[in-house]
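The values are calculated or read from the model by the stated rules, or taken from the named source; none is laboratory data. Note that the structure is predicted; figures quoted are calculated from it, not measured. Here Cβ is always computed from backbone atoms with ideal geometry, including for glycine, and neighbour counts include all displayed protein chains.
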Amino acid sequence: MRRLARQDAPEFSVAARAAKEALSHVRSFQSARTAPGPVVPPGLRDVQPGPPVRSIYDAGGSETLPGKLVRKEGDPESGDVAADEAYVGLGHTHRLFADIFGRNSIDGAGLPLDATVHFGKLYDNAFWDGRQMVFGDGDGQVFERFTRSLSVIGHELTHGVTQFSAGLAYRNQAGALNESMSDVFGALVEQYVKKQPVSKASWLIGEGLFTPQVQGSALRSMKAPGTAYDDDVLGKDPQPDSMDSYVRTSADNGGVHINSGIPNRAFYLTAESLGGNAWEAPGRIWYETLTGGSLPATATFRVFARATAAAAVELFGSGSTEHDAVRKAWETVKVKV
Amino acid sequence: MKISVERTGGIAALTRVWTVTADTARARNQWQPIVEACPWDAVPKTVRAAAAAVEGSQPDRFFYAIRAGQRRAALPEQSVTGPWRVLVDSTRAASEDSG
C-alpha cells in the first residue's frame, strides 16, 4: 500500500490517494493504540494549523507556577528581556512545526503555549513540566539566562510534542531518544529562523548559555558529540558519538542527556549527506517517525533507527537517496538498522 | 559528620556537588537540627528509585542525592521542600562560602 501511495502517475492518482488515506487511518489507529498521552482524533491531523496563543508569566524568583502574566498573544514587548525572548522563541518554534510539518501546536490541536521566566533564584535550568515551559535566570557564574538560546526554547517545546505523540519513556535509550528529538527539532527551529542550510549551521544546542568564564561553546554538539565544552570546573562534554562509546550509567535517568549524542549525530549525518536544508527531507523523516503512531514508547536506538528507515521509504521510496542517507548515518554511529 | 548534596540531571546534565564537614562541636550543634528535621525514612534512597516515583512527564528536571553521615536520600527537585530545602540550601551556601 505504501508503494501504491507513492505513485505520482495520473493513472494511479485515485488509487494513490486512497492508499494514502488508508495509511493515514492505519497510522492514526496505531497512534491511538500506542500513545500514552491524550489522543488526537484522526481528523485533526488534517486540520490547518492555527496561529500561536502565547502567554508569558513571570515567577519573580519564586518557584510557584505559572506566576504573573506579563505578555499575552498580540501584546507589544514587555520590556523584560527574558519574557520577550520566550515570547519570540515560542513563536519561532510554533512556526517551524506549523509551516514545515503542518502541526497545530504542541498537541496537534492548538494547545496554548505557556512559559514562565525568572523561575527560582539563580536557577540554572530550563524544563517542560508536562504543561508548560519554565526558564531560570542562570547563576551568572556558569550559566546566563536560559531564554538566550532559541535551540533550548525549541528543545523544551519539543518535549511537549514528544509527550503528545510517541510518548517516549524518559529513561535509558528511549529517554535518550526523547532528548535527541528535543535537540533535533530545537536545532531545526534555529536553522529555520536563520535560513541556514546544513553546511552553515552550528549544530550546537544551547549556544550562548555559558558565561565567558566557561571553556565551552554550548551544552551539546550534534555534529561532533563530546566536543561542546572542556572546562576545569565542569569537566569535559561526556557525549558519545557512536555505540562504541555508549555510556552505561544510572545517573541522569540512565544517561538520557549523554547517549542522546548517538541519535543526534545520526540526524546530523543524514542531513549532511543530503545537503540543503535540514528541516526538509531529514526533518520530515524524523517528524514522521516521531508522530506517525508506530514508534513504541520504550523504543531502543535500533527500533528507532529502523523506524526512520521505514519513514524514509514511505516518504521517498526504497533505495532513494534519502533512504540511503538514513541507513548510512546509523551505520556510521554503529546502530544496526 | 560529612554532609553532601549531589545535583544531577537538568537540560545541561552537569553534575554539581556541594559538601560540608561538621567536625567541631559548634558545627555539629549547628547542623544536627537541620539534618534531624528531614524525614529520611520517608523518601527513596537512590536517584533511580526517586526517578521511578515521579508521576507524569517532567523532562530536564534536577535530581538531588543527599548524604549526612550514614543517612541517604534522593529526591526530584520538586520534592525538595520544607526541611529538605533548608538542608540543601544551607549545604550549598556553606560549601560555596568555604570554596
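Facing another protein chain (nearest Cβ under 10 Å), in contact with a strand residue (DSSP E or B) (Cβ under 6 Å, 6 or more places away or on another chain) and modelled with pLDDT of 95 or more: which single residue out of A:Phe146, A:Phe119 fits that description?
Result of the check over A:Phe146, A:Phe119: A:Phe146.
Any idea how many residues of segment A:201-215 are among the small types (Gly, Ala, Ser) and either facing another protein chain (nearest Cβ under 10 Å) or at positive phi (or both)?
Result for segment A:201-215: 2.
In segment A:319-337, what residues are touching a residue at least 60 places away in the same chain (Cβ under 8 Å) and more than 21 Å from the chain's Cα centre (by Cα)?
Correct list: A:Thr332, A:Lys334.
Output yes when any residue across segment A:93-100 is over 22 Å from A:Tyr192 (Cβ atoms), surrounded by fewer than 22 Cβ atoms within 10 Å (Cβ to Cβ) and more than 10 Å from chain B (Cβ to nearest Cβ), and no when none is.
Looking for residues that are over 22 Å from A:Tyr192 (Cβ atoms), surrounded by fewer than 22 Cβ atoms within 10 Å (Cβ to Cβ) and more than 10 Å from chain B (Cβ to nearest Cβ), one finds none in segment A:93-100, hence no.
Looking only at segment A:246-296, filter to residues that are closer than 26 Å to B:Gln58 by Cβ and among the charged types (D, E, K, R); which one of those is surrounded by the fewest Cβ atoms within 10 Å (Cβ to Cβ)?
The qualifying residue surrounded by the fewest Cβ atoms within 10 Å (Cβ to Cβ) is A:Arg248.
Is it fair to say A:Ala59 is of a type in the set (A, V, I, L, M, F, W, C) and in contact with a His (Cβ under 6 Å, 6 or more places away or on another chain)?
yes
Which of the residues that make up segment A:127-149 are buried (at least 24 other Cβ atoms within 10 Å of the Cβ) and either touching a residue at least 40 places away in the same chain (Cβ under 8 Å) or farther than 21 Å from B:Asp89 by Cβ (or both)?
A:Trp128, A:Met133, A:Val134, A:Phe135, A:Phe143, A:Phe146, A:Thr147, A:Ser149
Per-residue answers, yes or no, for (1) touching a residue at least 40 places away in the same chain (Cβ under 8 Å); (2) in contact with a strand residue (DSSP E or B) (Cβ under 7 Å, 6 or more places away or on another chain); (3) among the charged types (D, E, K, R):
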{"residue": "B:Thr46", "(1), (2), (3)": "no, yes, no"}
{"residue": "B:Arg61", "(1), (2), (3)": "yes, yes, yes"}
{"residue": "B:Ala68", "(1), (2), (3)": "yes, yes, no"}
{"residue": "B:Trp84", "(1), (2), (3)": "yes, yes, no"}
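For A:Asn178, work out the one condition from (1) surrounded by fewer than 24 Cβ atoms within 10 Å (Cβ to Cβ); (2) at the interface with chain B (Cβ under 10 Å from one of its Cβ atoms); (3) more than 22 Å from B:Glu6 (Cβ to Cβ); (4) not β-branched (Val, Ile, Thr) it doesn't fulfil.
(1)
Confirm whether A:Tyr192 is among the aromatic types (Phe, Trp, Tyr), over 21 Å from A:Tyr287 (Cα atoms) and either within 17 Å of the chain's Cα centre (by Cα) or surrounded by fewer than 24 Cβ atoms within 10 Å (Cβ to Cβ) (or both).
No.
Condition check ((1) more than 14 Å from chain B (Cβ to nearest Cβ); (2) farther than 21 Å from A:Val256 by Cβ) across all residues:
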| position | (1), (2) |
| --- | --- |
| A:Leu188 | yes, no |
| A:Ser199 | yes, yes |
| A:Ala218 | no, no |
| A:Ala228 | no, no |
| A:Asp231 | no, yes |
